[in-house]
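The values are calculated or read from the model by the stated rules, or taken from the named source; none is laboratory data. Here the structure is a predicted model, which is why all the values come from computation and not from measurement. Here the Cβ positions follow ideal geometry from the backbone for every residue, glycine too, while neighbour counts run over all protein chains shown.
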Amino acid sequence: MLVLNRLGFAYPSAPDQLFCFDLAVGRGQTIIIEGRSGIGKSTLLNLIAGFLTPTGGTMTWHGNDLITMPPASRPLSMIFQENNLFNHLDCARNIALGLRPSLTLSDTEWQAIDEVMDELSILSLASRKPEQISGGQQQRVALARALIRAKWQERHLLLFDEPFSALDPETRLETIEVVKQLISRHAMAAVMVSHNPEDAELLDAEVMQL
C-alpha cells in the first residue's frame with residue numbers, strides 16, 4: 001500500500017502556496033485525482049515519483065520510506081500522455097528499456113517481452129517504430145514497458161498523468177479497459193490524474209478531489 005501522510009511541498013517561486021497531501025492506495029486499487037488547474041495534481045505525481053522533494057510529512061510503500069529513495073529505485077512506473085517512446089527504436093526495444101537501458105537482454109527476458117506484448121495484443125507491432133503506429137497502440141507499448149518492469153523488478157505502482165486525453169473515443173475506451181484488466185490481474189496500485197469524470201466509472205476507481 002502507498003500511504004502519504006501530510007506530505008507537504010512548496011515551490012520556491014511561490015513559498016506561501018503550500019501543498020499538503022494525504023493518500024492511501026492499495027494493490028489492485030486505482031485512485032483518480034481530480035481538481036482545477038494549478039491545484040497540485042501533477043505536483044502530487046512528481047512527489048511520489050521523486051522528481052520533487054517534500055518539505056514535510058511521510059510517504060511509504062508497504063511500510064518502507066520512499067522519500068529517501070532515489071527516483072530510479074522507487075517501485076513505480078510513470079506513464080505520460082506523450083508515452084515517452086523513442087522513435088529510433090522499434091516497439092519491442094522501447095519495451096525492453098523497462099528492463100535494461102543497455103538493451104542487452106537474455107533470451108528469457110526477450111520471451112517475457114513477447115508475452116507482455118501478446119497480452120496487450122501488440123505482438124505484431126514488435127518490429128515497427130512508434131511513428132508507424134497509432135496513438136492507442138503507442139499507449140499500449142508504454143503500458144507494456146510498465147508491466148514488464150512490474151513483473152521483473154517488483155514495480156507494482158503505476159502513476160498516470162492524463163494518459164487518455166489525446167486518444168480518440170473508441171481507442172480511449174479500449175485502452176482504459178486494458179489498463180483496468182492489468183491493474184486487477186497483476187494486483188497493481190494506480191494513481192491517475194484525469195479531467196474526464198467518466199474515467200473513474202470505467203476503471204472502478206475512487207476519486208480524490210484536490
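Which residue is surrounded by the most Cβ atoms within 10 Å (Cβ to Cβ), if the candidates are limited to the range 164-174 and must be charged (D, E, K, R) and assigned to a helix (DSSP H, G or I)? Once the filter is applied, the top-ranked residue is Arg172.
When residues in the range 149-163 are screened for being assigned to a helix (DSSP H, G or I) and surrounded by 24 or more Cβ atoms within 10 Å (Cβ to Cβ), 0 of them pass. Could you tell me how many of the residues in the range 88-119 are more than 18 Å from Leu182 (Cβ to Cβ), of a type in the set (Gly, Ala, Ser) and either under 17 Å from the mean Cα position of the chain (by Cα) or not in a helix (DSSP H, G or I) (or both)? Result for the range 88-119: 3. Being closer than 17 Å to Leu158 by Cα and among the hydrophobic types (A, V, I, L, M, F, W, C) holds for only one residue in Met78, Met117, and it is Met78.
Look at (1) more than 22 Å from Asp90 (Cβ to Cβ); (2) crowded, with 19+ Cβ neighbours inside 10 Å; (3) not basic (Lys, Arg) and you find that Glu177 fails only one, number (2).
Go through the residues of the range 189-196 one by one and say whether even a single one is closer than 22 Å to Ser121 by Cα, in contact with a Leu (Cβ under 9 Å, 6 or more places away or on another chain) and surrounded by fewer than 16 Cβ atoms within 10 Å (Cβ to Cβ). No. Within the range 63-89, the residues that satisfy the criterion of being surrounded by 13 or more Cβ atoms within 10 Å (Cβ to Cβ) and farther than 30 Å from Gln137 by Cα are Leu66, Ile67, Met69. Listed by first and then second residue, the pairs linking a residue in the range 68-85 that is within 16 Å of Ala189 (Cα to Cα) to a residue that is at pLDDT 90 or above and of a type in the set (Phe, Trp, Tyr), with Cβ atoms under 8 Å apart and 6 or more places separating them unless they lie on different chains, are Arg74/Trp61; Pro75/Trp61; Met78/Phe160; Ile79/Phe160.
Counting only residues that are within 15 Å of Ala146 (Cβ to Cβ) and free of Cβ contacts under 8 Å to residues at least 40 places away in the same chain, the range 183-210 holds 2 of them.
Across the range 181-210, the qualifying residues are those that are among the polar types (S, T, N, Q) and in a loop (DSSP other than H, G, I, E, B), and the one among them that is farthest from Cys20 (Cα to Cα) is Asn196.
Exactly one residue among Gly50, Gly8, Gly57 is farther than 20 Å from Leu158 by Cβ, modelled with pLDDT of 95 or more and crowded, with 16+ Cβ neighbours inside 10 Å, and that residue is Gly57. The condition (being touching a helix residue (DSSP H, G or I) at 6+ places or on another chain (Cβ under 6 Å) and not small (Gly, Ala, Ser)) is satisfied by just one residue among Leu157, Leu143, Leu167: Leu167. Of the residues making up the range 161-182, those that are touching a Leu at 6+ places or on another chain (Cβ under 7 Å) and either of a type in the set (Asp, Glu) or under 17 Å from Ile33 (Cα atoms) (or both) number 4.
Scanning the range 36-87 for residues that are closer than 24 Å to Leu99 by Cα and assigned to a helix (DSSP H, G or I) yields a count of 8. Just to be sure, is Phe19 free of Cβ contacts under 8 Å to residues at least 40 places away in the same chain and either aromatic (Phe, Trp, Tyr) or out of contact with any strand residue (DSSP E or B) (no Cβ under 6 Å at 6 or more places or on another chain) (or both)? Judged against the criteria, Phe19 is a match.
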